[in-house]
1. Would you point out which residue out of VAL18, VAL51 is farther than 30 Å from PHE424 by Cα, open to solvent by 50 Å² or more (accessible area, probe 1.4 Å) and of a type in the set (Val, Ile, Thr)?
2. Restricting to region 149-166, give me the number of residues that are polar (S, T, N, Q) and touching an Asp or Glu at 6+ places or on another chain (Cβ under 8 Å).
3. Kindly indicate whether VAL185 is under 23 Å from ARG160 (Cβ atoms) and open to solvent by less than 40 Å² (accessible area, probe 1.4 Å).
4. Please verify whether ALA385 is open to solvent by less than 10 Å² (accessible area, probe 1.4 Å) and under 30 Å from ASP37 (Cβ atoms), treating the condition exactly as stated.
5. Just one of ALA168, ALA222 is in contact with a Ser or Thr (Cβ under 8 Å, 6 or more places away or on another chain) and modelled with pLDDT under 95; which is it?
6. Being open to solvent by less than 20 Å² (accessible area, probe 1.4 Å) and over 13 Å from PRO458 (Cβ atoms) is the filter here, so list the residues in region 401-417 that pass it.
7. Cβ contacts < 6 Å: first residue farther than 19 Å from MET99 by Cα and free of Cβ contacts under 8 Å to residues at least 40 places away in the same chain, restricted to region 121-134; second residue open to solvent by 20 Å² or more (accessible area, probe 1.4 Å) and outside any loop (DSSP other than H, G, I, E, B), any location; separation 6+ or different chain. Result?
8. Which of the residues belonging to region 240-278 are open to solvent by 20 Å² or more (accessible area, probe 1.4 Å) and in a helix (DSSP H, G or I)?
Amino acid sequence: MQRTPPGTEIVDLDGAVVLPGLIDAHTHVEFCALSRDWLDVRGLSPDETLVRVRHHLETGGAGSGGWIIAQGTFGQKLPNRSELDGISSEIPILVRESMHRLSANSAALSRAGMGRGYTSPTGTLVELGADGLPTGLVEEGYHLFPVPSPDRARLREMLREELRLSFARHGVTCVYELPATADGVRSYQDLSAARALPTRISMTLTVAPGLNAILGSVEQLADIGLMSGFGNDDLWFGGFKLFMDGDDTASFDSSHLSKTPSRWGISTWRYTDTLHALSVAHRSGVQVWIHAIGDLAQRLALDAIEEAGRVAGPGDRRTRLEHVANRWIDEDLVRRLRELGVVPVPTAGFIHADGGRGVYAYRTLLDAGLRPPGNSDTGGTQPFATNPWFGVAAMLERTNRNGHLVAPGQAVGIDEAIRTYTEFGAIAGFREDRLGALGVGMLGDCAVYADDPRRLEPAALRNLEAELTIVGGRVVWRREEPRWPLPPAA
């Protein structure tokens with residue numbers, strides 16, 4: 001008979017369902033938090049966006065150090081520079097479709113040094129008009145604008161609330177974060193030291209050149225000896241990320257090769273540079289994430305992964321390929337992923353905004369024995385995607401925001417979908433001995449649901465909340481009106 005330690009609080013769940021704590025294996029908590037302070041223009045037409053931005057300015061809404069930042073969503077048409085200048089030529093204005101694409105007015109462009117004669121740095125595309133001046137459209141370049149950041153105390157509280165309300169609320173107990181700033185990294189350390197993190201955090205840092213890069217080079221990590229896994233069970237270093245290309249028209253994809261070479265997309269890392277980065281990482285004990293959306297970027301990445309493996313020799317490195325199987329899949333790609341031990345990381349939440357050309361090939365990957373981790377990969381563009389049950393519903397239902405089916409043959413079952421956010425998420429971060437399951441020797445993170453999610457229809461899953469979320473014995477989320485008495489949240 002197992003004995004309960006003295007002082008242990010026992011909660012009778014009265015038939016409710018307990019599942020392992022869920023893992024979001026790729027997201028941008030800091031950007032999600034920042035976007036809550038920005039003007040919401042998601043889903044609006046350019047004219048509607050202009051009306052809302054103008055009203056915001058006229059009612060004293062210029063925040064963020066005098067800037068106006070508006071947040072849109074995927075596929076949204078943006079007003080151009082001249083249209084935004086009609087609102088103000090003095091207040092800097094940015095309208096973000098996503099982390100990858102934005103439109104800026106002249107004041108914002110000027111503060112970023114983007115005038116006549118400006119040339120885009122590696123990994124970024126600043127569109128120029130016939131007059132040689134920027135049109136306002138910037139791809140992969142938000143980090144080039146000197147938008148003031150919140151002070152550290154404010155950012156710390158924003159991150160804590162984002163983790164609690166957008167993640168722990170739905171049963172997420174661990175997040176693989178890509179911090180946007182050094183202050184974000186410091187804030188997570190502050191929260192960890194105060195035992196105030198609502199979820200466990202793995203931090204993976206982007207290497208320049210790339211979107212919101214924190215590291216100047218891979219050698220920075222090699223020189224100081226920091227290895228993946230350094231930290232504790234609340235906060236640890238995950239690895240580093242490379243941007244092989246951009247998103248959409250900035251992806252390095254064969255479909256662009258019929259265009260003029262200047263429109264072939266962005267190829268940020270050359271093969272030799274990627275091979276070098278992977279070799280340094282392998283020698284240093286650092287896991288690598290590679291952002292590669294276009295098919296050419298993915299094939300280039302796999303070539304570099306294969307060669308780096310030959311150079312380094314045998315080893316369990318679990319190099320991650322972010323966005324693979326979102327847009328395309330074939331037998332050769334699956335074979336190479338399996339043979340090279342690559343972790344494929346598609347994102348089911350993107351099905352919501354897909355225009356009909358995606359595959360999000362979970363069925364094919366699972367049938368091949370691969371283990372794609374569940375993730376939201378959102379930075380404010382799809383705030384609802386931080387709920388992992390939204391991603392689960394997308395894997396089951398396969399419908400976009402217009403109700404159209406997207407590659408329905410790639411649907412998976414509910415148990416398989418849950419495994420992507422539990423077991424497979426843990427494996428993707430070398431944490432399968434601690435997270436992703438309930439059992440002897442595990443950390444015991446769990447979430448309680450009033451109804452069994454495995455028996456709910458996809459429509460009911462999309463907004464599902466946990467009754468209770470527990471991390472390391474701490475209650476980090478509880479509903480205000482639970483069905484039974486619960487201990488207070490941490």
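1. Being farther than 30 Å from PHE424 by Cα, open to solvent by 50 Å² or more (accessible area, probe 1.4 Å) and of a type in the set (Val, Ile, Thr) holds for just one of VAL18, VAL51, which is VAL51.
2. Within region 149-166, residues that are polar (S, T, N, Q) and touching an Asp or Glu at 6+ places or on another chain (Cβ under 8 Å) number 1.
3. It is true that VAL185 is under 23 Å from ARG160 (Cβ atoms) and open to solvent by less than 40 Å² (accessible area, probe 1.4 Å).
4. Values: open to solvent by less than 10 Å² (accessible area, probe 1.4 Å): yes; under 30 Å from ASP37 (Cβ atoms): yes.
Spelling it out, ALA385 is indeed open to solvent by less than 10 Å² (accessible area, probe 1.4 Å) and under 30 Å from ASP37 (Cβ atoms).
5. On the way: ALA168 fails: modelled with pLDDT under 95.
Result of the check over ALA168, ALA222: ALA222.
6. VAL406
7. Every condition considered, the pairs that remain are GLY129/THR135.
8. Residues satisfying the conditions are ASP248, THR249, SER254, SER255, PRO261, SER262, ARG263, TYR271, THR272, ASP273, LEU275, HIS276.
The values are calculated or read from the model by the stated rules, or taken from the named source; none is laboratory data. Given the structure is predicted, the values throughout are model-derived calculations rather than measurements. Cβ atoms come from the backbone with ideal geometry, glycine included; neighbour counts cover every protein chain shown. All accessible areas refer to the heavy atoms of the entire protein, side chains included, with ligands and DNA or RNA removed. Shrake-Rupley method; radii C 1.70, N 1.55, O 1.52, S 1.80 Å.
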